[in-house]
Structures are given as C-alpha cells and as structure tokens.
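The values are calculated or read from the model by the stated rules, or taken from the named source; none is laboratory data. Since we're looking at a predicted model, the values are computed, not measured. Neighbour counts run over all protein chains shown; Cβ positions are idealised from the backbone, glycine included.
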Amino acid sequence: MARIAFLGLGRMGIGMAGRLVRAGHTVSVYNRSAERAAELVAAGAVAAPTARAAAENAEAVIAMVADDAASQAVWLGEDGALAGTLAPHAFAIECSTLSRPWVLELSAHAATRGLRYLDLPVTGLPDAAAAGTLTLFAGASTEDLDAARPLLKPLCSNIVHFGDVGAGTSYKLIQNLLGSVQIAATAEALRTAELAGLDLATVVDTLSRGGAASPTVVRMAHLMLDDVHDRDIAFTAALRLKDTRIGVELSDAVDAPAALGHTALELFDSLVGSGHGALSEAILLNHLRA
C-alpha cells in the first residue's frame, strides 16, 4: 500500500479519495474548506492543514480541483504540494480539467523536483467517482503510466492512453467542448419545441429514443424538463463555462474550426453573467426563456 496525498474534495474528489482509503492506502487529504474532509477522516483518511503537509513523504499526489487557479494554489507556492519533501520519484497526478498550457507548465515544475507527472483528467459523474468506474484520459510516458496503474486501479474501470503529457488534457477538452455544444443545442431544441406549441415531456421522451440522442442529450433534456437546478448538482454552469472556454482556447491555438464552440461559449458566458454560475448547467433552457 502507498502513501497518497489527495488535494481537492469536491463531489468528485471525495468519491475518488474514498476509493483510495477503502483500497487500504494511507491517504492524507487537503481541501480549502477543511470541513469537507470530515467524511473521509471518519473512514480513515488524515486531514492536513495545507497541500504541502498532505504531500509530505507521499509516494503520489493526486489533485482534483476546479480550474487552473485552484491547481496552481495546491501545487505551487510556500504551502503547495511541490514545496514539501515527497518520496523519491513520487507521482504528481493531475485529474482536474485544466488548460493545456498550464498542464505543460505544471509538468515542468514537477520534473524539476524529479517527480513523475501524469496528465490524467477523468470522465464520469460523482456516482462513478464513488464507485471507482471513472475513465481516465492519460497523457504520460508509457513507463510512468504503467508504474502508476496499481495506484489508479481503485479509481477507474478504464484508462485511455492518448500520448505524452498534454495529450490527455487535449482529448478531455475536445470531449467537453463537444458536450457544451450538445447541451447548448439541446436547450435551443427544447425552447423551439415550446414555442412551436409542443408538449415538452413528449418531446424529451421522443428525442431520447431518436437518432439525435446521445448520453449528454438524453441526460440534459431530462434535467431541463425536471427544472430543478439548485440541488443535487453534478456540474455547475460556472464549471461548464470554464470547460467551454479552455476548449475553445485549445481549438483556436491549433487553428481548428470552432464556430459551434464559440457560439456555445457565448451562451454559457451569458448564462453565468446573469448570475446562474452556482446552479446546474441545465438551467440554460430557463435562460433562453428569459
């Protein structure tokens, strides 16, 4: 069993860290809001006052945070994980959805410390994190990824290796940008159906069975129909805006066509700008009704 530091205890992070605890690892956890660690401490984890303290002597440090700024805060600086004394050749593993430039910069910081960096964003909802059935998108050397597989086993049912550091993040941003376009298109389709006088429940049921259905379209159409956006939130509008923005930035950086991505970005920027950032991303339909 390994000594693992886990940084970031949102709904995804709690589920992932819990899997590592139940697998028998010694897990130190850090979160900016310390009270979120209580459930994990009761299960056997140790709460640390800083990311640096959590990472002390760790053989692997895993982060699952909201954005680049949060990632920078837990890794860098006087209280960051990289400021402490980690085990020789420890793994630095970023599971967050981050911008590709920051992932490449962070990997360079890790390399100066002699750490093995894994670019490892995940896909799956909080239930999958708690069940250990996430899919991991890997950007790392084959050697480093193979060495880390035993540590990663409690977290996932599948690991897809896309290439070197940055490749995992590139794929995750492409997938999430496609998801943003689908969510925006679903909201527009349902609003069009309403304005055309169709029964929305019938539309959602039929759409879910048709050729245009995808897991994202089906899930979001039902969430939009349910119209409950302030509890049991799997993904906020603010996080959707962040993912859409960095996805579009990647597309623009490689001179890819991104007209639909830019349109989705405008919609989610307007949604968050209207004060709905903390609510479910599915509230986009209500925004189009306004």
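State the number of residues belonging to the stretch 84-96 that are under 16 Å from A108 (Cα atoms) and either among the β-branched types (V, I, T) or surrounded by fewer than 16 Cβ atoms within 10 Å (Cβ to Cβ) (or both).
The total comes to 2.
In this structure, does H222 turn out to be modelled with pLDDT of 95 or more and surrounded by fewer than 19 Cβ atoms within 10 Å (Cβ to Cβ)?
The answer is yes for H222.
I'd like to check something: does the stretch 140-157 contain any residue that is β-branched (V, I, T), assigned to a strand (DSSP E or B) and at pLDDT 95 or above?
Within the stretch 140-157, none of the residues are β-branched (V, I, T), assigned to a strand (DSSP E or B) and at pLDDT 95 or above.
Give all pairs with beta carbons closer than 6 Å in which a residue from the stretch 1-25 that is part of a helix (DSSP H, G or I) meets a residue that is surrounded by fewer than 19 Cβ atoms within 10 Å (Cβ to Cβ) and of a type in the set (G, A, S); count only pairs at least 6 apart in sequence or on separate chains.
G15/A130; V21/A43; V21/G44
Of the residues A53, A87, A38, which single one is touching a residue at least 24 places away in the same chain (Cβ under 8 Å), over 21 Å from the mean Cα position of the chain (by Cα) and part of a helix (DSSP H, G or I)?
A53
Check the stretch 56-75 and report whether any residue there is closer than 23 Å to L125 by Cα, modelled with pLDDT under 95, of a type in the set (S, T, Y) and assigned by TED's automatic domain parsing to the domain that holds A108.
There is no residue in the stretch 56-75 that is closer than 23 Å to L125 by Cα, modelled with pLDDT under 95, of a type in the set (S, T, Y) and assigned by TED's automatic domain parsing to the domain that holds A108.
For V103, work out the one condition from (1) in contact with a helix residue (DSSP H, G or I) (Cβ under 6 Å, 6 or more places away or on another chain); (2) closer than 30 Å to G277 by Cα; (3) surrounded by fewer than 21 Cβ atoms within 10 Å (Cβ to Cβ) it doesn't fulfil.
Unmet condition: (3).
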